[in-house]
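The values are calculated or read from the model by the stated rules, or taken from the named source; none is laboratory data. For clarity, every value in this text was computed on a predicted model and none was experimentally measured. As a convention, Cβ positions derive from the backbone with ideal geometry for all residues, glycine included, and neighbour counts pool all protein chains shown. Ligands, DNA and RNA are stripped out before the accessible areas are found, and what is left, the full protein with its side chains, is counted by its heavy atoms. Shrake-Rupley method; radii C 1.70, N 1.55, O 1.52, S 1.80 Å.
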Amino acid sequence: MKTLPLARTQSALSLLLPLGAAWLAAVPLTGLAADVPAAAARLAPLAFLAGHCWRGDMPGGKASDTHCYEWVYGGHYLRDRHVVRAPGRPDYEGETLYFYDHGRQQIAYIYYENAGGIGRGLALGEGERLVFPEAEFVSASGSKLAYRATWQRIGDAAYEASNEIKRDGQWRSEFKMRLNKVAP
């Protein structure tokens, strides 16, 4: 199994796609594009995100979330920079670095956002979907938030992100959003 990330901040939870971020779908190693660095082979479930931006409207249509992915450091990492825009509010921004954790032998991530919070986690590639198991986001004030998510690939041009948070020991759906490939 391979793994991948996603994170959220409590104050902007309904605006953030974990991880910064991204969704993913399993991509066979033989299906990697020629421009994918050789070092990135272990990040194959993320490969189709690389070199593209993805945009979705938050439920209610009052905010949008855009993620742009690029290979960095010779393909050892995939960077996801995202921004949530809502009229009348400052932009909420975050960045995720996806990497292969050699100790765990899984895809892992670290997410950080412009309010000072940090999230870390793993992701599991399961066919056409990516599962982000329970992880913890810690805000700059030290408050903690448990979250998990599933990203379902929809062809080559979209994916659907379903995000949940844990409150009072119970998992609750936070939102579901479709992200479509857009021009950078």
Checklist outcome for this item: If we ask which residues in region 90-133 are under 19 Å from residue 50 (Cβ atoms) and part of a loop (DSSP other than H, G, I, E, B), their number turns out to be 2
Next on the checklist: residue 164 - would you say it is under 27 Å from residue 62 (Cβ atoms) and either in contact with a Lys or Arg (Cβ under 6 Å, 6 or more places away or on another chain) or among the aromatic types (Phe, Trp, Tyr) (or both)?
Outcome noted: yes
Checklist entry - Taking region 54-111, which residues are in contact (Cβ under 8 Å) with a residue 40 or more places away in the chain and of a type in the set (Val, Ile, Thr)? => result 66, 84, 96, 107, 110
Checklist entry - Looking at residue 116, is it open to solvent by less than 70 Å² (accessible area, probe 1.4 Å) and either under 23 Å from residue 63 (Cβ atoms) or modelled with pLDDT under 95 (or both)? => result yes
Checklist outcome for this item: A careful count of residues in region 94-106 that are of a type outside the set (Phe, Trp, Tyr), crowded, with 17+ Cβ neighbours inside 10 Å and over 12 Å from the mean Cα position of the chain (by Cα) gives 1
Checklist outcome for this item: Taking region 146-184 and keeping residues surrounded by 14 or more Cβ atoms within 10 Å (Cβ to Cβ) and more than 17 Å from the chain's Cα centre (by Cα) leaves 166
